[in-house]
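Novice: Could you have a look at this structure, given as structure tokens, before my questions?
The values are calculated or read from the model by the stated rules, or taken from the named source; none is laboratory data. Worth saying up front: this structure is predicted, and the values here are computed from it rather than measured. When we count neighbours, we look across all protein chains shown, and the Cβ atoms used for this are built from the backbone with ideal geometry, even at glycine. Note: accessible area is taken over every heavy atom of the protein model, side chains too, but ligands, DNA and RNA are not part of it. Shrake-Rupley method; radii C 1.70, N 1.55, O 1.52, S 1.80 Å.
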Amino acid sequence: MRHVHAFGDDALGDLDAVGLADALREGRIGRAELVEAAIARTEAVDPVLNGLAYAAFQQARAAAEGKPAEGFFGGVPTFIKDNIDVAGQPTMHGTDAWTPWHAAGNSEFTELFLATGLNSVGKTQLSEFGFSASAEHPRLGPVRNPWNTEFSAGASSSGSGAFVAAGVVPIAHGNDGGGSIRIPAACNGLIGLKPSRGRLPLDPTLRRMPVGIVTNGVLTRSVRDTAAFYREAERIWRNRKLAPVGDVTAPGRRRLRIAVLTRSVMRECSPEMRELTLKSAGLLEELGHRVEHVDEPPVPASFVDDFVLYWGFLALAQVRIGRRTFGDTFDRTRLDSLTLGLERHSARNLHRLPFAIARLRRLRRRTAEFFGAYDAILTPTLADETPRIGHLAPVDYRQVIDRLIDWVAFTPLQNVTGEPALSLPLAQSSDGMPVGMMLSADMGQEALLLELAYELEEARPWARIQAAEPTA
């Protein structure tokens with residue numbers, strides 16, 4: 001099918017968030033104009049892409065017509081992923097397993113996110129509880145990729161990824177517990193940074209997790225938007241245990257030692273992913289970086305089983321305390337087969353969980369040693385090309401978990417170790433779909449990744465959906 005995007009000559013144009021913020025400050029556009037453009041664009045593409053979980057159009061209009069927004073992005077429209085609370089809006093976590101009720105207040109991250117001046121137009125879809133890397137709920141329907149609607153938009157931050165790529169808004173919230181920012185970034189041709197553990201605030205429940213795999217963040221179309229968001233977020237809320245991100249506005253001067261991996265702990269990536277990764281490594285070499293090919297990742301063979309068991313433990317918690325968390329209308333029979341299959345897997349293997357958690361916690365020692373020799377690691381974001389809708393549909397648990405493990409082979413490591421990782425749209429597959437390349441670095445080194453991203457963006461500008469040839 002043809003590309004689906006909303007870029008046009010309205011107030012949003014094709015500006016990124018920084019460009020819109022500049023235009024607002026200079027009086028070239030108004031906040032109300034931007035909101036109306038974002039609403040119109042949402043209504044134009046959502047019937048096809050299915051990225052909208054909740055429309056907060058009236059709230060966004062009221063915010064645009066109220067007192068001038070504070071914060072650098074004051075008045076730039078955005079979306080918030082539907083797994084964190086926004087006051088007065090439902091939080092459904094990508095499922096329809098209970099009757100919606102409205103949150104009493106904002107989550108800690110929502111407060112920070114909106115304090116940057118962003119104006120949320122609504123909430124975006126995700127896979128059920130964020131467990132799958134493709135949002136294909138049996139009743140809510142799949143979130144489709146704007147580059148080709150026969151393909152997945154990735155997940156779990158699927159609606160945010162699809163809407164930013166399609167030009168509905170320039171920046172949107174995502175969060176990442178196993179690749180959920182980086183995967184939709186790779187599938188939709190975006191920039192997706194999973195920050196270091198503790199870089200941005202989390203709700204108390206997530207802070208109490210035995211292994212803190214979840215982080216909040218954003219999806220954008222430009223490196224400067226990502227860098228500006230982290231600069232502004234840091235001015236509002238700072239974790240002083242981490243090196244500051246600061247104001248990163250240009251490539252760095254230092255030449256880096258970069259390891260290149262095309263093999264995950266399980267498998268070699270597909271031939272096309274390997275070829276594109278090696279081309280990206282070649283570009284880094286052309287730019288003067290010292291690139292070294294590494295055969296094996298610094299990860300034990302037990303990693304996959306341990307991560308899946310821990311993932312299942314999170315599903316077990318959601319299912320077993322569903323009524324307490326979501327109310328008496330919670331109906332586990334309405335959950336998809338992946339959520340229920342993960343719950344069963346964890347329940348059967350609960351005796352192994354303490355050992356799995358202990359091994360996962362020890363992984364940081366291995367990767368810290370690895371980063372003693374290298375400044376960054378380059379891998380493909382995903383082991384294979386973006387799949388078509390249906391390939392990862394939660395129909396049969398065993399089938400879908402095997403396919404997920406096979407595809408999402410590189411991203412979960414940094415969730416466990418807490419290190420930052422960044423997906424950049426450096427390549428395209430033979431069928432014209434975006435392909436992400438992932439750069440990871442040591443704890444607290446987001447600034448290094450952003451400097452490298454600026455350099456790569458200048459050297460190899462990304463493909464733009466509005467300029468690309470339509471796909472059949």
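Novice: Using a 10 Å cut-off on Cβ atoms, rank the peptides 84-96, 388-400, 289-301, 169-181 from the highest mean neighbour count down.
Specialist: Per-residue mean Cβ counts within 10 Å order the peptides as 169-181, 84-96, 388-400, 289-301.
Novice: Okay, moving on. Any idea what the dipole of the chain comes to, in debye rounded to 20, about its Cα centre with Lys/Arg Cβ at +1 and Asp/Glu Cβ at -1?
Specialist: With only Lys, Arg, Asp and Glu charged at Cβ, the dipole is about 1560 debye.
Novice: Roll a 1.4 angstrom probe over the protein heavy atoms and tell me the percent of accessible area of region 121-235 that is carbon or sulfur.
Specialist: Whole-percent figure for carbon plus sulfur exposure: 49.
Novice: From the Cα gyration tensor of region 4-74, with a ≥ b ≥ c the square roots of its eigenvalues, which class applies: rounded if a/c is under 1.5, or else prolate if a/b is larger than b/c, or else oblate?
Specialist: oblate
Novice: Roughly speaking, what is the stretch gain from ARG323 to ALA32, that is 0.36 nm per residue apart minus the C-alpha to C-alpha distance, in nm to one decimal?
Specialist: 100.7 nm
Novice: Can I ask one more? So for the chain, averaging the separation of alpha carbon pairs under 8 Å that are six or more residues apart and normalising by length, what relative contact order in percent results?
Specialist: 18 percent
Novice: Report the per residue volume, in Å³, of the convex hull enclosing the C-alpha atoms of region 238-346.
Specialist: It comes to 223 Å³ per residue, whole-number rounded.
Novice: Compute the signed sum of charges (Lys and Arg +1, Asp and Glu -1) over the other residues within less than 13 Å, Cβ to Cβ, of ARG235.
Specialist: Net charge in that neighbourhood comes out at -2.
Novice: Work out Dmax and Rg for region 433-472 from the C-alpha atoms and quote the Rg first, both in angstrom.
Specialist: In Å, with Rg to one decimal and Dmax whole: 13.7, 43.
Novice: Measure off, as a whole percent, the carbon and sulfur share of the 1.4 Å-probe accessible area of region 1-105, all protein chains present.
Specialist: Reported share for carbon and sulfur atoms: 53 percent.
Novice: Among 154-162, 47-55, how do they line up by average Cβ neighbours within 10 Å per residue, starting with the highest?
Specialist: 154-162, 47-55
Novice: Calculated from DSSP H runs of 4 or more alone, at -39500 (n - 2.57) each and per residue, what is the 222 nm mean residue ellipticity of the chain, nearest 500?
Specialist: Helix-only estimate at 222 nm: -11500 deg cm²/dmol.
Novice: Now, a different point. May I ask you to order 30-38, 414-422 by the average number of other C-beta atoms within 10 Å around their residues, highest value first?
Specialist: The packing order, highest mean first, is 414-422, 30-38.
Novice: Which shape class applies to region 340-452: rounded if a/c is under 1.5, otherwise prolate when a/b exceeds b/c and oblate if not, where a ≥ b ≥ c are the square roots of the Cα gyration tensor eigenvalues?
Specialist: Working: a/c = 3.18, a/b = 1.12, b/c = 2.84.
Oblate, since a/c reaches 1.5 and b/c is not below a/b.
Novice: When the accessible area of region 410-472 is split by element with a 1.4 Å probe, what percent falls to carbon and sulfur?
Specialist: Percent of accessible area from carbon and sulfur atoms in region 410-472: 49.
Novice: Over the chain, give the accessible area per residue in Å² for a 1.4 Å probe, as an integer.
Specialist: 38 Å²
Novice: A further question on this structure: For the charge dipole of region 332-402, defined by +1 on Lys and Arg C-beta atoms and -1 on Asp and Glu C-beta atoms about the Cα centroid, which residue among ALA368, VAL400, LEU353 has the Cα displaced farthest towards the positive pole?
Specialist: LEU353
Novice: Which of the three applies to region 365-423, rounded, prolate or oblate, going by the alpha-carbon gyration tensor with a ≥ b ≥ c and a/c under 1.5 meaning rounded?
Specialist: On the way: a/c = 3.60, a/b = 2.29, b/c = 1.57.
Since a/c reaches 1.5 and a/b is larger than b/c, the shape of region 365-423 is classed as prolate.
Novice: If you don't mind, another one. In the set (1) 25.2; (2) 24.6; (3) 21.9, which value of Kirkwood radius over Cα pairs in Å was calculated from the structure you see?
Specialist: Correct label is (3).
Novice: Hull surface divided by four, with the convex hull built on the Cα atoms of region 74-139: how many nm²?
Specialist: Projected over every direction and averaged, the Cα hull of region 74-139 covers 4.9 nm².
Novice: Local charge sum around MET92 (other residues, Cβ-Cβ under 10 Å, Lys/Arg +1, Asp/Glu -1)?
Specialist: Value of the local net charge: -2.
Novice: Just report the Cα centroid separation between region 420-452 and region 128-152, whole Å.
Specialist: The two parts, judged by their Cα centres, are 22 Å apart.
Novice: Taking every DSSP beta bridge with both residues inside the chain, roughly what % is antiparallel (nearest 5)?
Specialist: 75 percent
Novice: Collect residues whose amide H, placed 1.01 Å from N in the peptide plane, falls under 5 Å from the amide H of SER264; neighbours closer than 5 in sequence don't count.
Specialist: Here the answer is CYS269, since their amide H atoms fall under 5 Å of that of SER264.
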